[in-house]
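One structure is given below, encoded as structure tokens.
Every number in this text was worked out from the coordinates using simple rules, so none of it is lab data. These numbers were taken from a predicted model, which means no experiment stands behind them. We place every Cβ from the backbone using ideal geometry, glycine too, and count neighbours over all the protein chains shown.
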Amino acid sequence: MAGARVVIVRSAKAWTPEGDPDPAVVTRMFARGFALLADTADGAAMVPSLFRADDRVGIKINTIGGRAISTRPEVALSLAGWLARSGLAAKNLFVWDRTTRELREAGYTPAAGRSGIKVFGTDADGVGYGPDLVAHLGVGSLFSKIQSEFVTASISLAILKDHGLAGVTAGLKNYFGAIHNPNKYHDGRCDPFVAEVFDAPPVKSRHRLTILDALVVQFHKGPSYHARWAGKFGGLIFSLDPVAADATGWALIERLRMAAGLPTLEAEGRAPLYLKTAEKMGLGRAGTASIETLEETVE
């Protein structure tokens with residue numbers, strides 16, 4: 001397994017005066033992140049290497065935390081819009097999560113028209129979960145038809161958060177929102193289940209890219225929102241390696257915890273063990289020595 005590249009793009013101007021993510025700045029952050037991943041001046045040049053022109057691309061977000069600590073619409077829709085301007089058909093872009101209620105509570109307006117970017121949940125009319133149980137290693141789940149049937153390629157666009165059981169919830173665990181029974185997979189700090197759900201064919205065969213929304217990071221008492229421990233990092237984390245992306249997210253959480261005088265996740269008995277499991281399964285790199293990290297600031 002080759003070394004992994006992780007790109008961190010930050011901006012001190014990522015928010016509007018009202019405190020919301022600024023779509024114009026966020027779009028520039030996406031463009032620069034793709035460019036740095038591909039070693040090219042134009043991030044759009046990377047899109048054809050990830051997706052076919054006719055791919056139906058699912059952008060799996062995480063909206064369980066409400067508007068305060070979810071993948072924000074200003075982020076997900078900026079990514080979808082940028083992809084549409086970079087060669088993908090808007091009608092083939094799906095921003096999605098588990099339920100319509102959670103999407104609305106996070107600030108999204110569900111839309112499933114024929115021509116534009118689609119925003120909807122697995123519980124929407126005509127969607128639901130596939131009828132056949134996917135049994136893979138130690139997991140057995142029904143997968144959202146969005147993940148298993150509607151899309152041909154997938155981006156995990158997850159909010160970066162501390163998690164009381166798993167330690168860290170980020171790009172890999174985001175796919176717990178694609179199955180009907182995630183409650184079954186929280187024993188043992190979610191290890192090995194996070195890795196095994198990702199390794200299941202409906203996810204592994206479609207996943208192309210992880211982007212972590214680290215504009216605001218819940219570094220303690222997650223996954224719900226607690227303002228005291230929510231750090232405004234102002235960044236997006238990109239990687240083609242899903243394990244390396246999450247390992248970098250973990251390091252960032254530890255950095256914010258240290259600055260706040262908190263113990264490490266390992267000291268609290270909550271280190272995300274599933275990352276090592278994922279590395280052993282060949283899903284990516286978890287060790288910092290094998291991860292190349294590029295960090296850049298945009299205006």
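Of the DSSP H helices in the chain, those that are both long (alpha-carbon extent of 20 Å or more along the helix axis) and hydrophobic (Kyte-Doolittle mean at least 1.0) are 23-38.
For segment 12-74, relative contact order (Cα pairs under 8 Å, six or more residues apart, normalised by length) works out to 24 percent.
Separation of segment 216-257 from segment 104-155 is 25 Å, based on Cα centroids. Using Cβ point charges alone (K and R +1, D and E -1), the dipole size of segment 151-209 about the Cα centre works out to roughly 200 debye. Summed over qualifying helices (DSSP H, 4 residues or more, each -39500 (n - 2.57)) and divided by its residue number, the chain shows a 222 nm mean residue ellipticity of -7000 deg cm²/dmol. Counting 0.36 nm for each residue step from residue 85 to residue 268 and taking away their Cα separation leaves a gain of 61.4 nm. Ranking 90, 11, 31 by Cα position along the charge dipole of segment 1-113, where only Lys, Arg, Asp and Glu carry charges on their C-beta atoms, puts 90 farthest toward the positive end.
Dividing the radius of gyration of the alpha carbons in segment 183-299 by their Kirkwood radius gives 0.96 for Rg/Rh. May I ask for log10 I(q)/I(0) of the chain at q = 0.09, 0.10, 0.16 Å⁻¹, from a Debye sum over the Cα atoms as equal point scatterers with solvent left out? Here the Debye-derived log intensity ratios amount to -0.38, -0.47, -1.38. Considering only Cα atoms, the convex hull volume of segment 101-199 works out to 116 Å³ per residue. The lysines whose alpha-carbon is closer than 16 Å to the alpha-carbon of residue 145, local same-chain residues fewer than 8 away aside, are 60, 118, 204. Ordering 13-26, 165-178, 278-291 by mean Cβ neighbour count within 10 Å, with the highest value first, yields 165-178, 278-291, 13-26.
For the chain, the relative contact order works out to 23 percent when only alpha carbon pairs closer than 8 Å and six or more residues apart are counted. Checking the a/c ratio against 1.5 first, then a/b against b/c, what shape does the Cα gyration tensor give for segment 187-235? Taking the square roots of the gyration eigenvalues as a ≥ b ≥ c, segment 187-235 is oblate. Bridges between two residues of the chain, per DSSP, are antiparallel at a rate of about 45%. If you plug the beta carbon distance of residue 16 and residue 132 into 1/(1 + (r/R0)^6) with R0 = 41 Å, you get a FRET efficiency near 0.35. Converting the Cα gyration tensor eigenvalues of segment 20-67 into ellipsoid dimensions via √(5λ) gives semi-axes, longest first, of 23, 17, 8 Å. Expressed in Å, the radius of gyration and Dmax of the Cα atoms of segment 1-106 are 14.7, 45. Taking every Cα-Cα distance in segment 148-196 and sorting them into 10 Å bins starting at zero, the pair-distance distribution P(r) comes out as 23, 56, 18, 2 percent. Past the 19 Å Cα-Cα mark, which pairs from 161/221; 184/276; 173/280; 173/221? Over 19 Å apart, Cα to Cα: 184/276. Partner aspartates and glutamates whose Cα lies under 12 Å from the Cα of residue 91, excluding those fewer than 8 positions away in the same chain, are identified as 54, 55. With neighbours defined as other Cβ atoms within 10 Å of a residue's Cβ, the residues 144, 11 order from fewest to most as 11, 144. Across segment 195-299, the relative contact order, built from alpha-carbon pairs under 8 Å that are at least six residues apart, equals 26 percent. Go from 0 up to the bin containing the longest alpha carbon distance in segment 54-95, width 5 Å each, and give me the % of pairs per bin. Percent of pairs per bin, in order: 6, 25, 28, 20, 12, 8, 2.
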